[in-house]
1. Take the residues in the range 235-252 that are closer than 30 Å to Asn210 by Cβ and without any contact (Cβ under 8 Å) to a residue 12 or more places away in the chain, then tell me which one is surrounded by the fewest Cβ atoms within 10 Å (Cβ to Cβ).
2. Taking Thr75 as the residue in question, decide whether it is assigned to a loop (DSSP other than H, G, I, E, B) and among the polar types (S, T, N, Q).
3. Could you run through the range 50-63 and say how many residues are over 21 Å from Ala21 (Cα atoms), open to solvent by 30 Å² or more (accessible area, probe 1.4 Å) and in a helix (DSSP H, G or I)?
4. Quick one: is Gly68 open to solvent by less than 50 Å² (accessible area, probe 1.4 Å), touching a Phe, Trp or Tyr at 6+ places or on another chain (Cβ under 8 Å) and assigned to a loop (DSSP other than H, G, I, E, B)?
5. If you check Ile22, Ile7, Ile47, which single one turns out to be open to solvent by less than 20 Å² (accessible area, probe 1.4 Å) and of a type in the set (Val, Ile, Thr)?
6. Under 7 Å between Cβ atoms, which residue pairs at least 6 apart in sequence (or on different chains) link something in the range 336-358 that is touching a residue at least 12 places away in the same chain (Cβ under 8 Å) and open to solvent by less than 30 Å² (accessible area, probe 1.4 Å) with a partner that is in a helix (DSSP H, G or I) and polar (S, T, N, Q)?
7. Looking only at the range 77-125, which residues are in contact with a Lys or Arg (Cβ under 6 Å, 6 or more places away or on another chain) and either loosely packed, with under 12 Cβ neighbours inside 10 Å or within 19 Å of Ile165 (Cα to Cα) (or both)?
8. Just one of the numbered conditions (1) among the small types (Gly, Ala, Ser); (2) modelled with pLDDT under 75; (3) on the phi > 0 side of the Ramachandran plot is not true of Gly199; which one?
Amino acid sequence: MSERKFITLNSDRICTLLDTAIERVIIAAPGFTDKVSARLINCSDRIGKKNVYVIIDDDPEALRLGYGSFETIKTIFLNKVTIKKQTGIRIGLLIVDDKCFVYNPTPQIIEEEPKKLNIPNAIRLCSNERDEILEKLFPSDSSIDYQTGAEIGVAELSEDEIKKIKSDLDKRPPVKPELERKIRVISSQFQFVEIELTGARLKNHSFSLNGKDLGIKNDTIAKRVTARYKLFDDEQIKKISKKFDLEEKLNKIKKHFLLNIPKYGNIIHVDKRVDFDKTIEKFIKTIDDEKEKIREELSNSLQKSREKIDPWIKQNLKRLKKQELEAILFPNSIEQIDAFVNKYLENKFPTVDNILTNISCFLKITNVSGQLIESKEFRESIEKVFNKNFDDIVQIDSAVKAKEEDI
């Protein structure tokens, strides 16, 4: 029975092949795992350093993608193994004695190396194909300049270049592949949702009476007429709220689509995003209609509030000394205080359009950060919501199904 052509070649199987090496090892890839690096060094000690030949990507980005670690490069270099550079290489080549394989190295921030042997990522090459590759790596024609004749791995990786790689990684360090994969899974399943109706709580609307706005330049006098006045009393709020139910509608949307993670906020599962986006779009379109329902009632309430604050302002101004009041009203006389206050309120007192314009829907959707995933408290909060181990949650395609009835 002939050997399989399509095979699985992960770090464990590469190490097994390296252990069998007698004459030579040639390996080219964007990078290697620590275990492969260690085996290469053992192999070089056993069969001779001149018989182990390594080609690697000298771009730090390869390490950020999870093709290997800086320590693997440093260790191979310090052990005097021949190490060449090939910027941007993204295929793998392994030659152990007469065996030859081309494989697909795994960027481990995306996924783990294949563990099952029925997931092929490599092709076994025949002797003719192997010899052809060797010729491209080590031209036998003496008339060919090696430095220009070899197709890849022409120049050796120098100590200065290794220092540059280290410096680059210090500035922008790679995320641990396992953490990066969890970030991807969590981000692909869940997102944080901040959503609120701003300006809709009438009890929060107030009118700030500032003495400086009245033209009072003396700080001490200004403080005597400065105050904050609530625009709506409880009875007015209750009456308007009967016609204005946006808060209630938004709360129903939140309850249906979102899961609350205590201390961290609301999250949504991607399975719900399409319906959520459509529902929110429809909700936002109804805001203007809902605002018009309360325009008249708001206008009447604001007018009553203004009628109440008007005499209060006049009363506070009249408590000032005559000279102080004359200075504020100038060039008007004291007898014109009513006109003065009316003009002030016309310019400063909120209108119904001011109130309605501020009523809007704030929506912000963000991905889960790596910093949060590293937080033990956050992981425990997620586990409590789903009643599952965190690692189990990030491995399931639809973790939210266990809680679907609550969403």
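1. Glu235
2. no
3. Of the residues in that region, 1 qualify.
4. yes
5. Of the residues listed, the single one that is open to solvent by less than 20 Å² (accessible area, probe 1.4 Å) and of a type in the set (Val, Ile, Thr) is Ile7.
6. Between residues of the range 336-358 that are touching a residue at least 12 places away in the same chain (Cβ under 8 Å) and open to solvent by less than 30 Å² (accessible area, probe 1.4 Å) and residues that are in a helix (DSSP H, G or I) and polar (S, T, N, Q), the close pairs are Val352/Ser299.
7. Lys80, Val81
8. It fails just one condition, (2).
The values are calculated or read from the model by the stated rules, or taken from the named source; none is laboratory data. Keep in mind it's a predicted model, so treat the numbers as computed, not measured. For neighbour counting, all protein chains shown are included, and Cβ atoms are generated from backbone atoms with ideal geometry for every residue, glycine included. Side chains are part of the model used for accessible areas, which takes the heavy atoms of the whole protein and leaves out ligands, DNA and RNA. Shrake-Rupley method; radii C 1.70, N 1.55, O 1.52, S 1.80 Å.
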